[in-house]
Each structure stands twice: as structure tokens, then as C-alpha cells.
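See structure below.
The values are calculated or read from the model by the stated rules, or taken from the named source; none is laboratory data. Note that the structure is a prediction, hence the values are computed from the model and not measured. Quick reminder, even Gly has a Cβ in these numbers, built from the backbone with ideal geometry, and neighbours come from all protein chains shown. Heads up: the accessible areas ignore ligands, DNA and RNA and are worked out on the full protein's heavy atoms, side chains in. Shrake-Rupley method; radii C 1.70, N 1.55, O 1.52, S 1.80 Å.
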Amino acid sequence: MTIRAHFTPVTQPPLAEQDRHVLATVTFGGTSGLTRGEQGHPDLALPMAVTGGDAFREVWTVTGRPRWTVREDHAYAHNGRHLFVAGLIPEQGVYTPPVRALYEKAFALVDHLDYSHIFRMWNFVGDIVGTNAEGMEVYQDFVQGRAQAFHTFMGDSTAQLPAATGIGTQGRGIAFCLLATKRGAPRHIENSRQTAAYHYPDQYGPTSPSFARATLLDDTLYVSGTASILGHETVHHGDVRRQTRETLANIAHLVSRENLAAQGIEDAGHDLKDLRMIKVYVRHEDDVPAVRAVCEETLGLGVEVKYLNVAVCRDDLLVEIEGIVPARGWDL
Ligand code: 3EB
């Protein structure tokens, strides 16, 4: 059996369905920190205002009881098949060395515990478009440290880079979490509408970001944080509705039969109606109603969508959207 996720309000204990156990939870809203949840599992809390809604948790469940470890700057949970690792870096003047060190620690855990395939990462970067103590953009500072850690473990190869989200928070410091699997062979997927992030030209910074556009594992498609980028360029400057439509068009193409087939993946393909666990990160709180209207138009009203008010990694990006196309039997 496989790993699944669902959303719950923070006011509700993250009770798993029958025969399933909580691997870990991520809380959106509150002060940043790593703690033990009610059942002993790791909880990574992130400072993100939830516009027009209560704080919520993303609950990851598995079959087979996990082992849980929670320390001050990192936590992990694993059950023989899946591994969750989280890390927390307090506010720093320069992030490259501590980001490198903690990601290397996380990758060493992945190796040591023998969950060799990372299939999804999230990177939550406080003050993401701010400037560090040496005048470098905080996102670039982060990207550099992460790239060094990937290099330590994977060399120059980009073949194993997983789907990821890179997004701001309403706090300071950097948090991350990742999911890895012991068995199974994740396929990392690019989007033919977009330049691979690891091939972005250096106008965006000296180091290109280390992530794929999606990862396919056990018939589930994990869609990375996606923005209004065509090729490597931001499109629809200043127009949040068009950025939202372009972002959704990027996801629609990413999960389509055509895009998957072009990468040698035999799959019937999917459309936006198949997307679940949708998180929409909106830079300006005032834009949330417009973004919501476009999302409801395109995704329908039947699917739960979480809106978060945080900065995106380029000043001109107003929105970023992520989600999961689950294998049949995942939900409902
Ligand atoms: C982009 O497409 C938008 O640095 O981990 C999306 C997903 C983005 C992941 C990351 C950044 C990251 O470049 C930003």
C-alpha cells in the first residue's frame, strides 16, 4: 500500500483512516517549528497566513506503523517503504553554508536509512525575495546551498532531481521537507512549455534551481510548484488573472498524455479535474478573490483548494500552484 495525503483543520486531530498511520504532518499557519503531533509523529509548522480560512494540516498517511524521530533542527519518520524528512534553519545572514549542511544531513539520512529515491520536496524560504547580509537575494542564497548538497550526493546529474515547491513564508529562516521511497522507481518529468529549472540561464542567479516539474511514483503524479513561466520567462507581468490561467495551463500540459508521451511515459494522461491537494500561493492578499475566481472557473467547485498568502521566488510572479494527481483509489 502506498502513501496518501489529506487536509484537516488544525482543530481536528490528524486521525488516519482505518489501517493507516500518520507518517508526518505539515501545518500551514502558526509559528514555525518542529514538534511532535498528538500521536508522536513529526509536525512541521510554517508561518503562512491562511486567507479567509483557518490554519490547516497536510496529513501524510501510510500503512505499516512508522518510527518517528523529532530533534531540534530536523525530524524524520519512516515505515519501511516511505521516509519523510524535515529540516529547520533559523534566520541567518548568509544561508548557503547552513542550507548545504542541513540538506546534506537530510540526504545522508535518506542514504543511511536506505530510502534511495526522493520523489517530492518542499522548500519554505522566509524573506524569499529579500537580500542577505552580503547583498545576494535570499532565494539565490538558498538555491546555491541546496545545489551544493545535491552535488555532494548526486554529482552533476540532474536525472534524480525530484518535484519541488520553492515558496516564501511569513516568517524568517528556511524550512524544508522531503518524501522518499525505498521501493519503486520515481520518474521525474519536465514540461515542454517550460525550460527545465536546472537549465535556467544565469540572469536569474549564478546557480540554477534543483528540481523537476513533476514526479510520477506508483501511478501518482506529484506536481511541483508551478508559476506563470513560459520557457524561462515570467509572462503576464502585473496581471494576476492571466498569471493564474497560464499557471493552470502549464499544469494542464504537464499532466497531459502529450507531455508524458514525449518523455517516454505510457500514460492515458490527465486533466486539471484530476488534481487534488491543491495549494495556491498568492503574493498579494488582495488578489486572492481574483485568483480564487479563476481557479473555481477552471478546477470547478467540487475540489478543495487551499489559498496561502506568501511571496513567490521572483518579484514578478504573483501566484504559484501545486497539487497531486492521485492514483485511482487514493481518495473518495
Ligand atoms: C519556477 O518555476 C517557479 O526552487 O524549489 C517552483 C518550484 C519554483 C520549486 C524551487 C521554485 C522551486 O521557477 C519557482
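The table below lists the values:
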| read-out | value |
| --- | --- |
| Dipole of the chain [Lys/Arg +1, Asp/Glu -1 at C-beta], most positive-end residue of H232, S116, T8 | S116 |
| Highest to lowest packing among 118-124, 145-151, 62-68, scored as the average C-beta count within 10 Å | 118-124, 145-151, 62-68 |
| Spatially proximal lysines relative to K306 (Cα-Cα < 22 Å; intrachain offsets below 8 disregarded) | K273, K279 |
| Cα centroid separation, segment 22-56 to segment 255-332 (Å) | 21 |
| Note, ³J(HN,Hα) from phi for segment 101-113, Karplus 6.51, -1.76, 1.60, rounded to Hz, x at Gly and Pro | 4, 6, 5, 5, 4, 5, 5, 5, 5, 4, 5, 4, 7 |
| Segment 135-196 versus segment 69-111: alpha-carbon centroid distance in Å | 13 |
| The chain, dipole about Cα centre (Lys/Arg Cβ +1, Asp/Glu Cβ -1), debye to the nearest 20 | 820 |
| Amide hydrogen neighbours beyond the local backbone of A212, cut-off 5 Å, H modeled | A163, A164 |
| Sum of -39500 (n - 2.57) over DSSP H runs of 4+, divided by residues of the chain (222 nm, nearest 500) | -6500 deg cm²/dmol |
| Relative contact order (percent, whole number), the chain, Cα cutoff 8 Å, 6+ residue spacing | 16 |
| Under 16 Å from K105, Cα to Cα: aspartates and glutamates that are on another chain or at least 8 residues apart | E72, D73, D114 |
| Over segment 248-298: Rg over Rh, Cα atoms, Kirkwood Rh | 1.10 |
| With every protein chain in place, the chain: carbon and sulfur % of accessible area (1.4 Å) | 47 |
| Positive-end extreme of charge dipole, the chain - chosen from G87, V50, I128 (charges on Cβ) | G87 |
| Rg to Rh, two decimals, where the chain supplies the alpha carbon set and Rh follows Kirkwood | 0.92 |
